[in-house]
Amino acid sequence: MQFELSEEQVLLQKTAREFARKEVAPRAAELDEKHEFPADLVKKMAQMGLMGVAVPDDYGGAGMDTLAYVLAMEEISAACASTGVIMSVNNSLVCDPLLKFGNEAQKREWLVPLASGAKLGCFALSEPQAGSDAAAQKTVAKRDGDDYVINGVKNWITNGAEADVCVLLTMTAPELGYKGITAFILPMDLAGVRVGPKENKLGITASSTTQIFLEDCRVPAKLRLGEEGEGFKVAMSTLDGGRIGIAAQALGIGRAAMEAAIAYGKERETFGKPIVKHQAIEFMLADMATELDAARLLTWRAARLKDAGMRHSTESAMAKLFAAEAANRAAKNGLQIHGGYGYTKDYAAERHYRDAKITEIYEGTSEIQRIVIARSLLK
Ligand code: CAA
């Protein structure tokens, strides 16, 4: 497999890196501290084409590919993991299923503003009692004339507080189990949609996570995404792409943790030399660099397969699993290298440590990734 980047991809990486270093990184600590949604940064990312990187320009996107998206995600997430997930959800969990499963009218009306960043999207699959077991949906959509009437509760909705549009999964035929799940495009300003308060989280605090309550919400049938009963496939194949985005987010967090540890370790002296010259620290840094590089290769491979139109469920799961765990080890050891200072808010190490954790949980826990990988071995 070729890992050489095109000129266009290198340019996007460079542009995203400069933007991330100059405009995002200096704001990250304050955004985290205040739990503040970075509306102005999201607007700028939209102008740079970062809210719909792999969407064709005809549909409002940057007309690039998944690998380009991964490169940009790593850069933005290295500066601010919250800003990274806001971008990732809009690209992977909203634009991607609209591009793949939407009809032409839906693409014109919804994908164009989402990919150009004029609107922001969210994705609602999980419920209070249905997270890892995604098919155990309780939210029900009942057909009534030209509408569906939807009732239920959705959980853990990234961008929930700010989103204009939601890709929503519900049961249209609960007796059929996963074969009874159907996807919808849900405008968040419809009557019967209520957004809950923001969850008070350990990390990625500048991105919102909310519940969505659906109370006799009438959704026109023309907003059904795909066929009735096709929703589980929509959700799973969307997550196959989403997991590549989260792997890239993890890479960014892990790299930032490593770079912070190197910078600190060059300044800090013990026993007459900078601590980076002690073998204990050298070994930690070497492991971080090696694991992050391996994670990057897995992530790029999954992106390449997606771009080639090939099934990539297993490769996406491997990339997310490995990148998330590598990022957590890098963040843990990065903090350790900072010693007591790393435990304070004076350094970014503690934010990296808090932010890294979510990559092992959302878009399928590490345990779920292992299930996906193991099932592919046992087929
Ligand atoms: N692509 C296409 N089809 C797929 C698929 C995929 N990746 N994975 C499964 N399917 C199909 C199967 O082929 C099967 O269809 P057939 O019967 O026609 O063959 C059907 O779906 C059912 O498959 P399974 O029997 O494997 O389903 P399962 O109930 O055992 O679940 C699972 C499998 C992998 C555990 C799945 O439930 C899963 O991924 N769970 C985790 C959910 C998740 O990641 N949630 C995160 C929510 S998003 C989020 O985090 C919020 C945010 O805002 C960031």
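The values are calculated or read from the model by the stated rules, or taken from the named source; none is laboratory data. Quick caveat, the model's predicted, so the values are computed rather than measured. Ideal geometry is used to build each Cβ from the backbone, glycine not excepted, and the neighbour counts take in all protein chains shown.
For every residue, the table says whether it meets (1) buried (at least 22 other Cβ atoms within 10 Å of the Cβ); (2) over 16 Å from MET64 (Cα atoms); (3) assigned by TED's automatic domain parsing to the domain that holds LYS14; (4) more than 17 Å from the chain's Cα centre (by Cα).
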{"position": "CYS80", "(1), (2), (3), (4)": "yes, yes, yes, no"}
{"position": "VAL85", "(1), (2), (3), (4)": "yes, yes, yes, no"}
{"position": "VAL89", "(1), (2), (3), (4)": "yes, yes, yes, no"}
{"position": "ASP96", "(1), (2), (3), (4)": "yes, no, yes, no"}
{"position": "LEU99", "(1), (2), (3), (4)": "no, no, yes, yes"}
{"position": "GLU104", "(1), (2), (3), (4)": "no, yes, yes, yes"}
{"position": "LYS107", "(1), (2), (3), (4)": "no, yes, yes, yes"}
{"position": "LEU111", "(1), (2), (3), (4)": "yes, no, yes, yes"}
{"position": "SER116", "(1), (2), (3), (4)": "no, no, yes, yes"}
Scanning for something among the hydroxyl-bearing types (Ser, Thr, Tyr), free of Cβ contacts under 8 Å to residues at least 60 places away in the same chain and over 30 Å from GLU33 (Cβ atoms), does segment 175-196 turn up at least one residue?
yes
Residue within segment 32-43 that is closer than 26 Å to SER6 by Cβ, in a helix (DSSP H, G or I) and outside the structural domain of HIS352 (by TED's automatic domain parsing) present
no
With respect to ARG243, is the statement that it is crowded, with 24+ Cβ neighbours inside 10 Å, among the charged types (D, E, K, R), at pLDDT 95 or above and not assigned by TED's automatic domain parsing to the domain that holds ALA68 true?
yes
I need the strands (runs of 3 or more DSSP E) fully contained in segment 153-243, keeping only those with at least 1 residues that are more than 10 Å from the ligand (Cβ to nearest atom) and acidic (Asp, Glu).
209-220
Taking the residues in segment 124-152 that are in contact with a Gly (Cβ under 7 Å, 6 or more places away or on another chain) and touching a residue at least 40 places away in the same chain (Cβ under 8 Å) as candidates, determine which candidate is nearest to the ligand (Cβ to nearest atom).
ALA135
